[in-house]
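Notes for the one structure printed next.
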Amino acid sequence: MTAVKWLLENLISEPYSETDFEHNKKCWNKAEEMEKQQILDCCITTTQDVWISAMGAFGQEINFCDEDLEEQKQEAEQYYKETFKQKEQ
């Protein structure tokens, strides 16, 4: 369970009106989207930093093409699904 999910579950545990519930639900979804994007961005940045550091150790510069970036996004999505989505179900 992520920190955002724990916080939201604890904040929304109080009884609210239907309007409050809908507002909280929208906020919940937005917070989860934001947290997911932060995790994905971190995965991609970490992958790139590792490659840049490794190639730099050999005196090589690395440039990521669109295909590399797409692969990194897919790997980050897979990591997110395996690490966070399974545990929440």
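Would you mention how many residues in region 42-73 are loosely packed, with under 13 Cβ neighbours inside 10 Å and of a type in the set (Phe, Trp, Tyr)? So the count comes out to 1. Within region 35-89, the residues that satisfy the criterion of being polar (S, T, N, Q) and either within 21 Å of TRP6 (Cβ to Cβ) or touching a Ser or Thr at 6+ places or on another chain (Cβ under 9 Å) (or both) are GLN37, GLN38, GLN72, THR83, GLN86, GLN89. The helices (runs of 4 or more DSSP H) found wholly in the chain and carrying at least 2 residues that are acidic (Asp, Glu) and at pLDDT 95 or above occupy 18-57, 66-80.
The values are calculated or read from the model by the stated rules, or taken from the named source; none is laboratory data. Everything numeric here is computed off the predicted structure, so don't read it as measured data. All Cβ positions, glycine included, derive from the backbone under ideal geometry; neighbour counts span all protein chains shown.
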